[in-house]
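The values are calculated or read from the model by the stated rules, or taken from the named source; none is laboratory data. The structure presented is a predicted model; accordingly, all values stated were derived computationally and were not measured. Ideal geometry is used to build each Cβ from the backbone, glycine not excepted, and the neighbour counts take in all protein chains shown. Side chains are part of the model used for accessible areas, which takes the heavy atoms of the whole protein and leaves out ligands, DNA and RNA. Shrake-Rupley method; radii C 1.70, N 1.55, O 1.52, S 1.80 Å.
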Amino acid sequence: MKKIGVLTSGGDAPGMNAVIRAVTRAGISKGMDVVGIRRGYNGLINGDIVELNVRSVSDIIQRGGTMLYTARCAEFRYEEGLQKAKQTCIENGIEGIVVIGGDGSFRGAADLSARGILCVGVPGTIDNDISMTEYTIGYDTAMNTAMEMVDKLRDTAQSHDRCSVVEVMGRNAGYIALNTGIACGATYIITKEEPYTMNDVINKIIAGQKTGKHHFIIVVAEGIGNSEQIAKEIEQATGVESRATILGHVQRGGSPTVRDRVEASQLGYYAVELLSNGIGNRVVGLQNNKVVDYDIQEALKMTKSFDHKLYEIANEISF
Ligand code: F6P
């Protein structure tokens, strides 16, 4: 392969820049030309392409966001969009592409691979909701950001004897909620993966009150929604003044952690290695701390487990 491209697609995640750096440098070191495709698949449709050299990716490993910009691209779901993208690749001599994003982005990568442009996916999303890998780029940074925010909320909840209901991101997955909850000593963690009733939450708070506890943290996963309503119900049932905070997009920003930078470098490198061997339609990930790769369609059919034991532990030690 003589020339490869790299793009970021879907929601940005800290560590995406570190992947772009790894892909660019690995590609060049293996004798290939590397280009950046801007704003996800839109850049392929519109021909928004920039040359990347070893220096264009200097000073980005520590930066959040993505220097290539990102977007979700509806047009790419249709044949016309895919054909335009293929044409751009042919005109620019792009034979392979590293796609950094989530499941939606990987569907596009599979479609383009089927049309002759070999793509390899690198999991980049704060949600950790990609089944073929135990870990996605951005997840660790997002959890650490959420943890810092909840620690700050605890200071004010403690000072006012309040209950702080904190909603964290994750789309439909409770991984950020579970880990942030246990790391912040939350009284209760509400996720879709674990059955709960409002009575369970309220009873846990009342049990805490009986042992002299005056402030409470309840972590709610994004897919549950209604954090304001949850806070209201807690206040009515327990008499503890309650406030809801939705952390939102702050969790997507910031300088990536060590883990995100290391995994980004490793997975980016491995994706290029596959392309340089003429292998596409794969997605790379981590299992038992080892790099693995799967056929994209196979990867999209996989399901991911939730750590029920960790949830039980969090519940049992949170008084
Ligand atoms: O997938 C990352 C994520 O931040 C989710 O946690 C969240 O549900 C979604 O993206 C928000 O998307 P948007 O950037 O379109 O608001």
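Please turn the phi angles of region 284-292 into ³J(HN,Hα) values with the Karplus equation 6.51 cos²θ - 1.76 cosθ + 1.60 (θ = phi - 60°), one per residue in order, whole Hz, x for glycine and proline.
With the stated coefficients, region 284-292 comes to 9, x, 10, 9, 6, 6, 10, 6, 10 Hz.
Could you look at the chain and say what percent of its accessible area is carbon and sulfur, using a 1.4 Å probe and all protein chains?
Using a 1.4 Å probe with all protein chains present, the chain comes out at 47 percent carbon and sulfur.
Amide H of PHE216: which non-local residues (sequence gap of 5 or more, or other chain) have their own amide H closer than 5 Å, using H built in the peptide plane?
Hits under the 5 Å cutoff: ARG162, CYS163, SER164.
Taking only DSSP H segments of four or more residues, each worth -39500 (n - 2.57), what value at 222 nm results for the chain once the sum is divided by all its residues, to the nearest 500 deg cm²/dmol?
Computed mean residue ellipticity for the chain: -13500 deg cm²/dmol.
Mind listing the long-range amide H neighbours of LEU118? Cut-off is under 5 Å, sequence gap 5 or more, other chains count too, H placed in the peptide plane at 1.01 Å from N.
For LEU118, the qualifying residues are ILE97.
Under 1.5 on a/c is rounded, so check that first for region 1-60, then, if it is not, pick prolate when a/b is larger than b/c and oblate when it is not; a ≥ b ≥ c are the square roots of the alpha carbon gyration tensor eigenvalues.
Oblate, because a/c is 1.5 or more while a/b does not exceed b/c.
Place the peptides 27-39, 266-278 in order of packing, highest mean first, counting for every residue the other Cβ atoms within 10 Å and averaging per peptide.
Details: 27-39: 19.7, 266-278: 21.4.
Most protected by this proxy first, the peptides run 266-278, 27-39.
Measuring with a 1.4 Å probe in the full set of protein chains, what accessible area per residue, in whole Å², belongs to the chain?
Values: 13670 Å² over 319 residues.
Heavy-atom SASA per residue in the chain reads 43 Å².
Working from Cα positions, state the angle (0 to 90°, nearest 10) between the long axis of helix 103-114 and the longest principal axis of the chain.
20
Scaled to the compact-protein estimate 2.2 N^0.38 Å, what is the alpha-carbon radius of gyration of the chain, rounded to two decimal places?
1.10
Of all beta bridges DSSP finds with both residues in the chain, what is the antiparallel percent, to the nearest 5? Provide the component values of the computation, followed by the final result.
Values: 10 of 43 bridges.
For the chain, the DSSP antiparallel bridge percentage is about 25.
Karplus couplings for region 307-316 from phi (6.51 cos²θ - 1.76 cosθ + 1.60, θ = phi - 60°), rounded to Hz, Gly and Pro as x?
7, 5, 5, 4, 4, 4, 4, 4, 5, 6
Sort 196-204, 122-130 for me by packing, meaning the mean count of neighbouring Cβ atoms within 10 Å per residue, highest on top.
Output ranking for 196-204, 122-130: 122-130, 196-204.
Rounded to the nearest 10 Å², what accessible area does ILE90 have for a 1.4 Å probe in the complete protein model?
Near enough 100 Å² of accessible area.
Going by Cα centres, region 79-148 and region 1-46 are how many Å apart?
A separation of 10 Å, based on Cα centres.
Mind pulling the angle between the C-alpha long axis of helix 227-238 and the longest principal axis of the chain? Nearest 10 degrees, somewhere in 0 to 90.
20
Please list, in order along region 295-302, the HN-Hα scalar couplings obtained from phi with the Karplus expression 6.51 cos²θ - 1.76 cosθ + 1.60 (θ = phi - 60°), rounded to whole Hz, x for Gly and Pro.
Karplus-based 3J(HN,Hα) across region 295-302 equals 4, 4, 4, 4, 4, 5, 8, 6 Hz.
Please state the relative contact order of the chain as a whole percent: Cα pairs under 8 Å, 6+ residues apart?
Values: 726 pairs, mean separation 74.9, N = 319.
Value for the chain: 23 percent.
Need one number: the % of Cα-Cα pairs in region 140-252 sitting beyond the 25 Å mark.
12
Residues with amide H under 5 Å of MET169's amide H, sequence separation 5 or more or different chain, H placed in the peptide plane at 1.01 Å from N; which?
Correct list: GLY248.
Helix 198-210: angle to the longest alpha-carbon principal axis of the chain, degrees 0 to 90, nearest 10?
With both axes taken from Cα atoms, the answer is about 50 degrees.
With r as the distance between the Cβ atoms of LYS30 and LYS304 and R0 = 35 Å, compute the FRET efficiency 1/(1 + (r/R0)^6) and round to 0.05.
0.65
Go through LYS3/LYS30; LYS210/LYS232; LYS2/LYS86; LYS3/LYS86; LYS192/LYS309 and tell me which ones have a Cα-Cα distance over 18 Å in this structure.
LYS210/LYS232
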